[in-house]
Amino acid sequence: MNWHQWQEVAGLIGIFVFLTVVITVVVWQFGATIRARGALAREQEYRRLAEKAVQAQEETERKLTELDGRLTDLKKSVGTVERILKEVD
């Protein structure tokens, strides 16, 4: 083989390596984009679940406060009835 043929072989190897690197980087970046989108979707789902849990907790707290008020009223009524019964005796 003469010098010119070796230059052609070296050039082809260089082009092959360059194309391999470019294709690898493109595929790698495409995969990274897909992973980032998946992570974003999971984060949004976790956020939605957290907001739903907070709403449920607030609703439970509101209901407990309402029940506490009703129990307080019931205790007052029971105390009144007991006082009346003691007076009747």
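The values are calculated or read from the model by the stated rules, or taken from the named source; none is laboratory data. Keep in mind the model is a prediction, meaning the values are calculated, not measured. Neighbour counts are summed over all protein chains in view; Cβ atoms, including those assigned to glycine, are modelled from backbone coordinates with ideal geometry. Surface areas here come from the heavy atoms of the whole protein model, side chains and all, with no ligands, DNA or RNA. Shrake-Rupley method; radii C 1.70, N 1.55, O 1.52, S 1.80 Å.
Need one word for the range 18-67: rounded, prolate or oblate. Basis is the Cα gyration tensor (sqrt eigenvalues a ≥ b ≥ c); a/c below 1.5 gives rounded, then a/b vs b/c decides.
prolate
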Please work out which option in (i) 3.16; (ii) 2.77; (iii) 1.03 gives Cα Rg over 2.2 N^0.38 Å calculated from these coordinates, and answer with its label. (i)
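How much length, in nm to one decimal, is gained on full extension between LYS63 and THR20, taken as 0.36 nm per residue of separation minus their Cα-Cα distance?
Contour length minus Cα-Cα distance gives 9.0 nm.
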Between the residues THR65, ALA39, VAL26, the Cα farthest towards the positive end of the dipole of the range 15-89, that dipole coming from +1 and -1 charges on the beta-carbon of Lys, Arg, Asp and Glu, is from VAL26
Give me the 1.4 Å probe accessible area per residue for the chain, excluding ligands and nucleic acids, in Å². 96
State, to one decimal in nm, how far the label point of VAL81 lies from the label point of ALA56, with both points 7 Å from Cα in the Cβ direction. 3.6
Computing the accessible area with a 1.4 Å probe over protein heavy atoms, can you report the carbon and sulfur percentage for the chain? 65
